[in-house]
Amino acid sequence: MTDRRLSALCILASLYCRIVRRGSHRSNHKGANITYTQPDPPTTYLLLDTATAVREHLSSLSTAPALAIDVEADSLYSYQEKVCLVQISTPATNAILDPLAAREGLQALGPLLADANMRKVFHGADYDVRMLKKDFGFAVHNVADTMIAAQLLGRNKFGLAALLAEEFGVEVEKKFQRADWAHRPLDPEHLRYAARDTAYLLELWQTLRDELVERGRLEWAEEEFRLLEELTPAASHEPTCFDVKGAGRLPPRVLCILQNLVQVRDRAARAWDRPPFKVLSDQVLLDWAQSPPHRREQVLRTRAANRGILGRLAPQVLEAVQKGMATPEADCPHRNSTPFTPMTHAQRTRLARLKQVREEAAQELAIAPGLLVNSETLEKLAREEPAEAVALMEATLKRWQVKVIGERVKAAIRKT
């Protein structure tokens, strides 16, 4: 299906929504509730919380030219984050699918996501694509991301709330961004918020797409979108002391104590099914590792920590400290890091030229400099000899970046 057909459907849907958003209705669809909400502007949504209802709805979407999709998870409230809601919108319907109640029915979403002829529109697709792959093994093809589109168009504010306010005058409540989406039953306010995350995405994508075409940047966006399809979930690993911010410069003995404390926190987080930071903060662990407590009273006097948690974990904390103190120095953790090599004068000069051409190009295109070439890549280029730097640039930059700024970068590299 073409984006032109989507444009026509978006126009019809816009007219449709002006009519239906003022009414109210309850569906007799088994397992489904349709509620027309009253805030300005109202958003209609269909809540699907049985496998049968989910499968039937997803089956009805098989001929849609495009779907707007969003995912809500519970990373702030559980040890192992999981998908708690999947919102899907077409120009005519907004549906909220509940995978906690109807996981079996969600399998019908896989073929839709894999359909290369059906556009899938996200806002901030990176997280959603990874979560859909991690929790369900779904492949996602033919992606569009309104956040990336807005960035490539030079929008200074590219969050969904800012874009909806700018394009449609829609105000989105931000207070639900940190909601516990695993809680059941969800409040109507939470459901309205979730539905609104996709209700305007197709129309927003069409607006941004038209501007990308007008400014000759659709090709840039499509290359970025194809890369999103290749994303994979982060590999799981056992937590280590080096995961703690600020641990990099600590001596081995302190790192050993910290490693044992990290393990105490992780075991508790797993057992209590909560994120590790909601058990003990990194700063508490760092403070203990550098000034180890040796008595229960010292643990209980720790600031910026829940006293109940301190009481429950005090014996394990003291044991972890003792174990870390008794470990032979040779067995303590050591960070294997590459020594920092200062840049030469010639390299610093080359880096300054590279940053200058990037800044000039960014100003001409009215986009953020980091979209053209990130600073880490510029430093790598500056450290290489010209021939190697050019080859590295061509291997590292995306095709649209090479097309837009490649010749300027080459000239800056080769200049003596």
(request) Test each condition in (1) touching a Leu at 6+ places or on another chain (Cβ under 7 Å); (2) assigned to a helix (DSSP H, G or I); (3) surrounded by 14 or more Cβ atoms within 10 Å (Cβ to Cβ) for residue 284 and report the one that comes out false. (result) (1)
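Which one is nearest to residue 374 (Cα to Cα), of the residues in the range 402-416 that are in a helix (DSSP H, G or I), without any contact (Cβ under 8 Å) to a residue 12 or more places away in the chain and of a type outside the set (Asp, Glu)?
Filtering the range 402-416 down to residues in a helix (DSSP H, G or I) leaves 402-414.
Keeping just the survivors that are without any contact (Cβ under 8 Å) to a residue 12 or more places away in the chain gives 402-403, 407.
With the extra rule that they be of a type outside the set (Asp, Glu), the set shrinks to 402-403.
On the way: 402: 13, 403: 16 Å.
That would be 402.
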(request) Please give the number of the condition residue 353 fails out of (1) more than 30 Å from residue 156 (Cα to Cα); (2) in contact (Cβ under 8 Å) with a residue 40 or more places away in the chain. (result) (1)
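For the range 363-379, enumerate the residues that are more than 15 Å from residue 403 (Cβ to Cβ) and in a helix (DSSP H, G or I). Break it down into steps so the answer makes sense when it comes.
Keep residues of the range 363-379 that are more than 15 Å from residue 403 (Cβ to Cβ), which gives 363, 366, 368-370, 374-379.
Those that are more than 15 Å from residue 403 (Cβ to Cβ) and in a helix (DSSP H, G or I): 363, 369, 370, 375, 376, 377, 378, 379.
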(message) Give me the residue from the range 227-250 that is part of a helix (DSSP H, G or I) and under 15 Å from the mean Cα position of the chain (by Cα) and, out of that set, surrounded by the fewest Cβ atoms within 10 Å (Cβ to Cβ).
(response) 227
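If you go through the range 148-167 one residue at a time, do you hit one that is out of contact with any strand residue (DSSP E or B) (no Cβ under 7 Å at 6 or more places or on another chain) and within 26 Å of residue 235 (Cα to Cα)? Break it down stepwise before answering.
Step one: list which residues in the range 148-167 are out of contact with any strand residue (DSSP E or B) (no Cβ under 7 Å at 6 or more places or on another chain), which gives 148-167.
Filter once more, keeping what is within 26 Å of residue 235 (Cα to Cα): 148.
Yes, because at least one residue in the range 148-167 is out of contact with any strand residue (DSSP E or B) (no Cβ under 7 Å at 6 or more places or on another chain) and within 26 Å of residue 235 (Cα to Cα).
Condition check ((1) in the same structural domain as residue 184 (by TED's automatic domain parsing); (2) more than 20 Å from residue 137 (Cβ to Cβ); (3) out of contact with any His (no Cβ under 8 Å at 6 or more places or on another chain); (4) at pLDDT below 95) across all residues:
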position: 53; (1), (2), (3), (4): yes, yes, no, no
position: 60; (1), (2), (3), (4): yes, yes, yes, no
position: 63; (1), (2), (3), (4): yes, yes, yes, no
position: 70; (1), (2), (3), (4): yes, no, no, no
position: 86; (1), (2), (3), (4): yes, no, yes, no
position: 92; (1), (2), (3), (4): yes, yes, yes, yes
position: 96; (1), (2), (3), (4): yes, yes, yes, no
position: 103; (1), (2), (3), (4): yes, no, yes, no
(request) Counting only residues that are within 14 Å of residue 180 (Cα to Cα), give me the strands (runs of 3 or more DSSP E) lying completely in the range 56-98 with at least 2 of them. (result) 66-73, 83-89
(message) Can you report the number of residues in the range 302-350 which are free of Cβ contacts under 8 Å to residues at least 24 places away in the same chain, among the hydrophobic types (A, V, I, L, M, F, W, C) and assigned to a helix (DSSP H, G or I)?
(response) 5
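The values are calculated or read from the model by the stated rules, or taken from the named source; none is laboratory data. Nothing here was measured: the structure is a model prediction, and the numbers come from that model. As a convention, Cβ positions derive from the backbone with ideal geometry for all residues, glycine included, and neighbour counts pool all protein chains shown.
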